[in-house]
Structures are given as structure tokens and as C-alpha cells.
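Heads up: the structure comes next, in C-alpha cells.
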Amino acid sequence: MSEEAQGMGMVDELAGVPTVEEIERHPMDDLLRGERLPHIWCQGCGIGTAVSCFISALMRSGLDLDKVAVVSGIGCTGRVAGYIRLDSFHTTHGRAIPFATGLKLANPEMKVVVFSGDGDLIAIGGNHFIHAARRNMDLTVICVNNFNYGMTGGQMGPTTPTEARTSTSRRGNLEHPFNVPYLAAAAGATYVARWTVLHARRLERSIYKALLKPGFTVVEAISPCPTLYGRWNRKKYGTDMFEYYHQQAVIRHDAQPWEVDIGLAGEIVCGEFVDVERPTFQQMYERLHPDVRPAEDLGLLHRPPTELDAGFEPAPLPPIDVREVTPAQVGTVSTAQVSEAEHVEMRLCGFGGQGIVLAGLIAGKAVALHDHREATFTQSYGPESRGGACSAAIVVSDEAILYPYVTRPNLIAAMYQEAYTTYHGQLAEGGVLLIDEDLVQPDPETGQRVVPVPATRIAEQELGRAQVANVVMLGAIAAVGGGISTEALRQSVLESVPKGTEELNARAFDRGYEYAQGVMASSIAE
Amino acid sequence: MKLWRTPLDVERFRIPHGEVSILVERCKGCQLCVRYCPRDVLEMSDGINAKGYHPPRAKSPERCVACRLCELICPEFCIYVVEVDRE
């Protein structure tokens with residue numbers, strides 16, 4: 001092991017970096033649901049920056065925070081409402097603006113902010129968007145535009161630039177995208193601005209202005225989606241996309257909205273394009289219906305309890321049916337080597353982005369296509385592309401498999417602490433637990449057989465690519481056994497990885513195999 | 001700070017100083033703070049947090065002028081600056 005690798009340790013060993021306990025809270029934590037952080041957005045995603053700018057603008061605006069509500073639709077940006085510690089609502093897809101309209105009309109004193117993505121506001125919610133702008137509803141809309149449907153796998157949408165490649169336009173998008181500022185301005189918005197998230201200060205100032213201006217105010221925040229849109233268009237990291245904004249964004253406040261189309265590689269015109277006065281829906285309502293009082297004055301919103309309410313109690317929830325699993329169902333497992341068993345269950349778990357699901361698929365293919373045995377493969381993951389809990393489960397058997405899910409795995413490969421905590425209790429008697437030793441701290445009291453493999457560290461420092469950590473782990477699985485022959489697994493790895501990376505992945509596999517064998521040999525010697 | 005020519009009213013201005021704090025467990029290692037810090041205060045560290053990302057660390061904290069760009073640009077709410085008196 002190199003000196004550098006030895007010097008790498010857990011967080012509390014970081015020289016000069018204070019740990020969470022030592023320091024106070026982030027100044028924005030008052031307006032964030034801290035218990036839900038870190039959030040689900042990928043590394044390099046700009047939605048978090050847009051939220052920072054919004055919170056900063058809101059704190060500066062002096063608005064009464066008890067009278068501010070945030071409404072989001074569906075999608076990555078749709079999660080914003082769930083992270084902001086204000087009255088917030090996560091609506092159905094595309095319906096953020098209709099919900100916000102109702103909220104505002106029933107509570108005219110509230111400031112209602114719609115914070116959602118391009119797919120939600122401009123695609124499925126496009127009609128609501130233009131009609132709310134036409135009515136000049138008193139809403140502030142912050143539209144985070146990342147040019148594609150991020151949460152569902154990077155499909156093209158109505159804001160994808162022409163010729164941009166996405167997962168559903170692999171030769172390039174043949175359609176023309178919506179120009180969001182032009183759409184908003186033409187439909188009647190009173191304030192329209194566009195910034196990239198790199199223009200953090202200007203974006204913050206625009207949101208501040210939009211919050212305080214009456215009428216339908218729109219701020220478009222261009223944000224990177226490195227995981228999907230960026231990966232398809234040669235800007236794989238958040239920093240690549242920020243660099244692109246740095247080079248191509250120009251500020252032109254006097255630009256006409258119809259001139260600010262966004263192309264695949266051309267300039268991105270930013271600025272405040274529209275700032276006009278028009279009577280809002282609320283003002284027109286009050287002028288034409290001076291006799292109608294708000295619902296609150298009539299006592300309709302806060303109805304006093306009646307005798308009908310008294311006897312009402314929610315029905316108790318039915319008890320959860322816990323399925324008892326006995327080791328007898330699992331089949332026989334030798335205590336020495338997992339690979340001798342006729343029926344083996346294994347679970348690979350970690351967080352999204354580590355390649356857990358791909359590793360599971362490779363293992364399943366190895367069994368079914370190369371070992372010619374029976375296999376099932378099931379996967380579970382959250383809506384996020386990166387960072388969420390993620391698990392792949394494989395059942396290997398000589399006979400037809402009647403139940404495809406894993407209940408008592410003989411082998412668990414855990415690459416994240418939370419995954420370990422969730423699943424290690426399921427390990428069958430005599431099973432083996434493979435862990436990424438830098439990311440998982442095993443519980444010594446369980447007495448389980450643990451094989452520590454620093455897969456991420458090996459991938460990053462010895463092989464130069466953190467992405468192959470999953471293949472290092474597969475190598476380790478081959479060494480432990482797991483009911484899959486080493487040749488089959490190696491063959492399956494080489495067939496499943498992208499062209500041109502076979503050699504790197506073969507080295508990763510062999511290194512993982514060799515490392516795990518070394519660990520097991522030394523543990524037997526002890 | 002090195003000045004090309006000393007302005008006549010230089011005494012009237014005070015360069016603020018900031019202290020950077022990093023909540024390492026929230027970091028996802030996107031490097032935006034390191035790349036866009038105008039005073040080049042931060043660098044990526046070798047250590048890892050619980051999810052295996054490399055958080056940044058302040059390599060030259062004395063250079064920070066509390067502009068708070070890192071605080072605003074960080075997508076993870078994990079870095080913030082407190083303005084302190086140098087004296």
C-alpha cells in the first residue's frame with residue numbers, strides 16, 4: 001500500500017477540517033429541514049445553489065416568514081418544497097401553479113412562491129404557466145431549467161436545445177425548444193429574468209426583486225445536470241458545465257425576449273428582460289367585487305369544532321404482517337466457503353452512483369449466461385440518480401427459483417454505512433459480509449464474518465477511477481465465493497462495461513480478487 | 001494586499017476578514033467552492049466523509065475576505081463564512 005493510501009482515513013482524522021460537532025449551524029439552517037440533509041441532488045447539480053440564492057434573498061427581503069409558502073411540482077427541483085422549512089407543498093406533476101393560485105386566492109396576504117423545474121412548469125404544466133401569467137396571478141415562479149427530465153433518466157423535453165443529445169434523442173434533438181423568458185413575457189409576466197446558477201449573486205438579487213414585486217414574476221435559473229444531460233453532451237462534471245456557463249454566458253439586460261434562445265453550444269443571454277407594471281388578478285378582483293370579503297373574514301377557513309367532530313377518531317392502522325423467515329428455507333451453506341452451496345442469496349448495497357445495480361446485473365448475467373444456473377435479480381433504489389440508498393439482490397440456485405427476493409443472504413457486500421446498518425442483520429448463519437472498509441464501520445458484537453476490502457480507495461488511488469469500485473467489489477465477491485465461478489464473473493464484467501474500459505475493469509476485478517484472497521488467507525492463519 | 005499605487009484615502013477602507021467553516025458530512029465534492037473562490041482560499045482534501053467524497057479545506061484561511069461566494073454557490077449548504085475582526 002502506498003504512503004498516500006495509508007494516510008487516508010475517516011473524517012475525524014482530517015487535519016484542519018472541523019467536524020460537525022465542533023462548529024455551529026449553517027446560517028441557512030433556520031430555513032432548511034436539516035434532518036433531511038444531505039439532499040438527494042447529485043454531485044455538481046445546481047439546484048442546491050438556486051435554493052441557496054432563494055433562501056438568501058428571502059432572508060434579506062424582510063417578508064414575514066409565517067406568511068411565505070413554497071409550492072413545488074414533481075421532479076428533482078420538485079424536492080425543493082421538502083427541504084425548505086416554511087409552509088410548503090409538494091403537488092402532483094405540473095400542478096404547482098394551480099395549487100399556488102388557490103393558496104394565494106384563499107390567503108391574499110400570503111407570499112406564494114412556486115419553485116419547480118422546467119419539466120414540471122414548462123412541459124406538463126405549460127398551460128397553467130401561460131394562463132397564470134396571462135391572469136397576472138400574484139406568484140413568484142423560480143424555474144430551474146436543466147434542459148432535460150433529470151429524475152426519470154434524462155429524457156428530452158420542451159426545453160432541450162436543438163441537436164442536444166439525451167437518452168431519448170440519441171442522434172440529437174430535432175425539435176426547437178421553448179424560450180422560457182419569451183414565453184413568460186408574451187403571456188404577460190411582469191418581471192422576467194434569466195441567470196445561470198454560476199451568477200449566484202445576480203440570481204439572488206433577481207429573486208429578491210421578484211419576491212417583492214407584485215404580479216406574476218418569473219426567474220429562470222439555468223442549472224447543470226451533469227449526471228444525465230451533461231454526460232450525454234460531453235460535460236460530465238458539474239465543473240465542466242459551470243465552465244461552459246463561464247465562457248458562454250453574456251449579460252444583456254436590454255435584450256428582447258425573442259432574441260434569447262438557447263442553443264446547444266452558443267451563448268446564453270442572461271439578464272432582466274422584463275420589468276413592467278400591470279394590475280394583478282387580486283387588484284382586478286378587489287376593484288370589480290368590492291363587496292366580496294376574503295374567506296377568512298367570513299370564518300370559513302377556521303371553522304369552530306362542532307358536535308360532529310367530537311366523536312371522530314381516525315381508525316387504527318392494521319398491524320404490519322411480519323413474515324417469519326427460518327434458516328431452513330435458505331438451504332445448506334457450508335461455513336467454510338459460500339460457493340459450495342446449491343442455493344445462495346446475495347445482496348449488494350450502497351448508495352446511488354456507486355454502480356451497485358450494475359454490479360448486481362453483472363453477477364446475475366454471470367450466473368445465468370456463463371455458469372448456466374438459475375438466477376434472479378431484483379433491485380431497489382430511490383428516485384434520485386445519485387446518493388440515495390440502493391440495493392441489488394441476486395438469488396443463485398441449481399433448481400428453478402420460486403421466490404425471487406432475497407430474505408436471508410449468504411453474502412452481503414455493503415459499500416455504505418446506512419446500507420450496512422439496514423441489511424447486516426439479515427445475514428444467514430455462516431454467511432460472509434464484505435464491506436468497503438473506509439465507508440463502513442462494522443458492529444463487532446454481531447460476531448459475523450467480515451471481509452474488509454477498501455474498494456473505493458483501490459479504485460481511486462491504485463486504478464485512478466473511482467467508478468470501478470463496484471468491479472473491485474465484484475472481484476472480492478468472486479474470491480469469497482457467492483455461488484458464482486470466478487471465470488464467469490470476470491467474463492460477465494468484460495461484456496458489460498463500456499467499450500474501451502475492458503482493460504481497466506479487468507485490472508479492477510483482479511485486484512479485488514487478489515485483495516480479498518489476501519484478507520481471507522491472513523484471517524485463516526490467525 | 002499588494003497595491004500598484006497607494007490610494008490617498010486607503011486608511012478609510014478596511015479589508016474584511018472571514019473564517020470559513022465546512023460541514024464535511026454534507027459535502028459531495030463538486031469542487032465549485034474551490035474553483036470559484038476569488039481569493040483561492042480553498043483546496044480539495046485527501047480525506048473522505050461518510051459517503052466517500054473528498055470535502056474541501058481551507059489551505060490559506062488568512063486570505064479570506066468574507067465575500068461569501070462559496071456560501072452562496074455551494075449546492076449542499078455545507079460551507080459558510082463568519083466575518084471576524086482581525087485585531
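The values are calculated or read from the model by the stated rules, or taken from the named source; none is laboratory data. Since the structure is predicted, the reported quantities are computational estimates derived from the model, not experimental observations. For neighbour counting, all protein chains shown are included, and Cβ atoms are generated from backbone atoms with ideal geometry for every residue, glycine included. The area values use the complete protein model at the heavy-atom level, side chains included, leaving out ligands, DNA and RNA. Shrake-Rupley method; radii C 1.70, N 1.55, O 1.52, S 1.80 Å.
Just a few scattered comments:
- Computed from the Cβ-Cβ distance with R0 of 30 Å, the FRET efficiency linking A:E259 to A:L63 stands at 0.35.
- Alpha carbon convex hull of the range A:24-288, volume per residue in cubic angstrom: 117 Å³
- Simple spin-label estimate for A:D30 and A:Y285 in nanometres, 7 Å along Cα-Cβ: 3.1 nm
- The peptide list A:40-48, A:355-363, A:436-444, A:491-499, put in order of mean Cβ contacts within 10 Å with the highest first, becomes A:40-48, A:355-363, A:436-444, A:491-499.
- Inter-site label distance for A:H246 and A:S167 at 7 Å from Cα along Cβ, in nm: 3.0 nm
- Förster radius 35 Å - calculated FRET efficiency between A:R465 and A:E342, Cβ distance, rounded to 0.05: 0.45
- As computed over the range A:438-526, the Cα convex hull volume per residue (Å³): 101 Å³
- Rounded accessible area of A:Y244 (nearest 10 Å², 1.4 Å probe): 30 Å²
- Total accessible area lost when B and A pair, probe 1.4 Å, Å² to nearest 100: 3800 Å²
- Sites A:H93 and A:E277, calculated FRET efficiency, Cβ-Cβ separation with R0 30 Å, nearest 0.05: 0.35
- Averaging the sequence gap over all C-alpha pairs within less than 8 Å and six or more residues apart, then dividing by the number of residues, gives the range B:15-84 a relative contact order of 46 percent.
- Calculated [222 nm] ellipticity per residue, helices only, for chain A: -8500 deg cm²/dmol; basis is -39500 (n - 2.57) per DSSP H run with n ≥ 4, divided by all residues, nearest 500.
- All lysines inside 22 Å of A:K209 as judged from Cα atoms, apart from same-chain residues fewer than 8 positions distant: A:K67, A:K104, A:K111
- The mean count of C-beta atoms from other chains within 10 Å of the C-beta of residues in B:28-37, rounded to a whole number, is 6.
- Values of log10 I(q)/I(0) for chain A across q = 0.11 Å⁻¹ run -1.03, by the Debye formula with one identical scatterer at each alpha carbon and no solvent.
- Longest to shortest principal axis, alpha-carbon extents of the range A:112-218, angstrom: 43, 30, 21
- Calculated over the range B:15-84: convex hull of Cα atoms, volume per residue (Å³): 70 Å³
- Centroid-to-centroid separation of the range A:28-63 and the range A:72-148 [C-alpha atoms, Å]: 17 Å
- Karplus-derived 3J(HN,Hα), 6.51/-1.76/1.60, for each residue of the range A:202-209, Hz, glycine and proline x: 5, 4, 4, 5, 5, 5, 4, 4
- Distances between placed amide hydrogens fall under 5 Å for A:I251 paired with A:C270, all partners being 5 or more residues away or on another chain.
- Rounded tilt (10° steps) of A:356-365 against the dominant C-alpha axis of chain A: 50 degrees
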